[in-house]
Amino acid sequence: MKGDRFFHLILLTWLILLIAMVKANSSEITPEATIRKVIIYPQGAIVKKELRFKAQVGENVLNIYDLPGDLVDESVNISTKDEKGIKILDVKIEKTYLRKVIQGKIKSLEKKIEELEETITKNQDDLEILKTSIEFIKKSTPFSQNLKTNEAEVESFAKYLERSLKERLDRVSKLEKTIKKLNEEKAMIEKELSQLRKSGDFSKVVTVIFTSNSPKELTLELSYMVENAGWKPKYELRIDSKTKKVDVVNLAEIAQNAQEDWKNVELEISTAKPHHGPLPELYPWYIDVYTPRPPVVYKKLKTKAISPEEFLEEKEPEPEVREEVSSFTFIFPKKLTVPSDGKPHSIVITTATSDIILNYSAVPKLSSYAYLNGSFKNPLSYPITSGIVNIFVDGRFVNRINIRKQILPDENMDLSLGIDESIKIERKLVKKFTEYTGILSKEKRINYEYEIIITNGKKTGININLKDQFPVSRNEKIKVIRELPKEGEAKIGEDGIIQWELKLNPGEKKTFKVKFSIEAPEEIEIGGLE
């Protein structure tokens, strides 16, 4: 029994000595990691950090703390600029609930709230004192009943009273505005603090074990992907109707909530989709007798429009556009900041100008308005991809559309630019009557006559495509006799659509007639008539 105890004691001593030796030969390093570059994709972003530290001879253990909890473990990559004499043995990624960055932010925000509360209390105290002094001045009477006063003394006191009250009331107004602003600022910080406390309560730590053959200063590069980030294209079209030019402004709307702010970093945005897998496999296409399925009821999702704030006002210099094998990358020349707040932030990618053809279209039967249309060629050196387009004409917002297809450079893009109320259009029924012919088999004839009046109230001439229609019979017993307009006066299709291509001078007014009749046996009831 004594021999076993002695053996265990020796073994324990040996283990302690071995751990001490390992610790003595291993140098643990915990340097600060600085974000140098971020590459943002439509979904996700690659974050590149730099760490500078001194490596010791032998085995080194490097711990990198406070990394985002949502980083993709498989994407972590470690490299060093000075690879001579450096050998990376292992890289480990673990969760940790010691979030220094978040806790630091929480403490900072709590301190701000405390300072604001002290300032608000001080201002409220000053406000209360002022209000009390105003009440005192209002109630004060400098002249006793037995004291004789003249008009000049009373006037002097009245002016003093007026001046004192005005001065104090101005200070009251300023203090109330200050208190209101302070309370608003406090509410915003409290909201941010609440969001931080609700956010994930863990981060990740990367441990790198490497050996060095000599003591040296090292610069290590760490990169990883985060999923809670991305960007989408957005466009502004600014049209000048006088010069017939359009400025195409391409913006990137960036949002990220990756638990760390990207402060003063090199920024690239890419159209690549790194999460997309290989080409989908095509399976056999089977058909069978149709069996109806029960209807599915979908819930309507509530959406909230977010107005993006621009955090870069300067458009120059523009980013470099680099064409990859299957995507485009935009490299910004200036360092930028994107906060981790989940809110959209807009940044200008580039601006280009193109000629635009403007014309009007009108269908008076369906709408009494003239619709402005535009057509231009994509002036950008890369495709316009799907995204939101805000359209302005002569500095006025007219429409917002969602592009759902890709428009290549120099490819035409057609736009609907809204209505123009300075063009007046009226369509009215002038005549409608029915007459009967025949003795043995009676025929009925229904006569229609419409009048279309269009007036150009603009100070410039316009081109407009005007449309109306003749009815088209789908039964041989029903005949449509077209009277006006005649062939050559307008373009008339087989489907009965009538088109006039018009030019109207400023203030010019034109009238057009659509006249036709419908013939059918009396006993037939005709469907589809107005």
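Within segment 484-495, residues that are farther than 17 Å from S473 by Cα have Cβ atoms under 6 Å from residues that are part of a strand (DSSP E or B) and modelled with pLDDT of 90 or more in these pairs: L484/K513; L484/K515; A490/I498; A490/W500; K491/Q499, counting only partners at least 6 apart in sequence or on another chain.
Considering only residues in segment 441-457 that are among the aliphatic types (A, V, I, L, M) and under 12 Å from R427 (Cα atoms), the one that is surrounded by the most Cβ atoms within 10 Å (Cβ to Cβ) turns out to be I454. Only one entry in E253, E184, E192 is among the charged types (D, E, K, R), in contact (Cβ under 8 Å) with a residue 24 or more places away in the chain and out of contact with any Pro (no Cβ under 9 Å at 6 or more places or on another chain), namely E192. Selection within segment 458-471: residues that are surrounded by 13 or more Cβ atoms within 10 Å (Cβ to Cβ) and without any contact (Cβ under 8 Å) to a residue 60 or more places away in the chain. The member of this set that is nearest to the chain's Cα centre (by Cα) is K458.
Residue pairs whose Cβ atoms lie under 7 Å apart, separated by 6 or more positions or on different chains, with the first residue in segment 397-424 and basic (K, R) and the second in a loop (DSSP other than H, G, I, E, B) and at pLDDT 90 or above, are K424/G457.
Flag: E32 matches the condition of being outside any strand (DSSP E or B), surrounded by fewer than 20 Cβ atoms within 10 Å (Cβ to Cβ), out of contact with any strand residue (DSSP E or B) (no Cβ under 7 Å at 6 or more places or on another chain) and outside the structural domain of K334 (by TED's automatic domain parsing). For segment 181-211, give me each residue that is over 19 Å from A33 (Cβ atoms) and at pLDDT 85 or above. Matches in segment 181-211: K181, L182, N183, E184, E185, K186, A187, M188, I189, E190, T211. Pairs meeting the criteria (first residue in segment 369-390 and more than 17 Å from L408 (Cα to Cα), second residue in a loop (DSSP other than H, G, I, E, B), beta carbons under 9 Å, at least 6 apart or on different chains) are Y369/E421; A370/E421; A370/S422; Y371/V363; L372/S241. What strands (runs of 3 or more DSSP E) lie completely within segment 393-511 and have 2 or more residues being more than 24 Å from E530 (Cβ to Cβ) and assigned by TED's automatic domain parsing to the domain that holds K244? Per the criteria, 396-403, 412-420. The residue pairs whose first member lies in segment 341-358 and is in a loop (DSSP other than H, G, I, E, B), whose second member is acidic (D, E), and whose beta carbons are closer than 6 Å, counting only pairs six or more residues apart or on different chains, are P344/E253.
The values are calculated or read from the model by the stated rules, or taken from the named source; none is laboratory data. Since this is a predicted model, take the numbers as computed values, not measurements. Neighbour counts run over all protein chains shown; Cβ positions are idealised from the backbone, glycine included.
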